[in-house]
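Participant: First, the structure itself, so that you have it in front of you.
Please treat every number below as a calculation from the coordinates, not as lab data. No experiment lies behind these values; they were computed from the predicted model shown. Backbone-built Cβ (ideal geometry, glycine too); neighbour counts: all protein chains shown.
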Amino acid sequence: RPDLVLVDPPRSGLSPRVRAWIEKSKPARLVYVSCDHQTLARDLGQLVRAGWNLEFLSYYDFYPQTGRLEALAKLSPPHETGTTPAVAAALPKEEP
């Protein structure tokens, strides 16, 4: 089991295969860097619905005078701190 997985995917976000691998391998920590808010929301939504805990989310303006922000999220796997059913229930249903 990995201690840490750091992902910085392209604008298209994590592929379904990578998301499935993360859910299966359950690293002790997952750090997600993103430049696209829609794919970040999609990927975090799937991970939270799978029981992952979103511990930290922040945005950074590395490119002043543009509309681009970078996001940094830190997650822990379900077995460390339990699941977050209230958060998972509040998320929109995943589209097919």
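Participant: I want to confirm something. Restricting to the range 1-37 and keeping residues that are out of contact with any helix residue (DSSP H, G or I) (no Cβ under 8 Å at 6 or more places or on another chain) and among the polar types (S, T, N, Q), which single residue is nearest to ALA50 (Cα to Cα)?
Facilitator: SER25
Participant: Give all pairs with beta carbons closer than 9 Å in which a residue from the range 42-55 that is under 15 Å from ARG29 (Cβ atoms) meets a residue that is assigned to a loop (DSSP other than H, G, I, E, B) and among the basic types (Lys, Arg); count only pairs at least 6 apart in sequence or on separate chains.
Facilitator: Sorted first by the residue in the range 42-55, then by its partner, the pairs are TRP52/LYS26.
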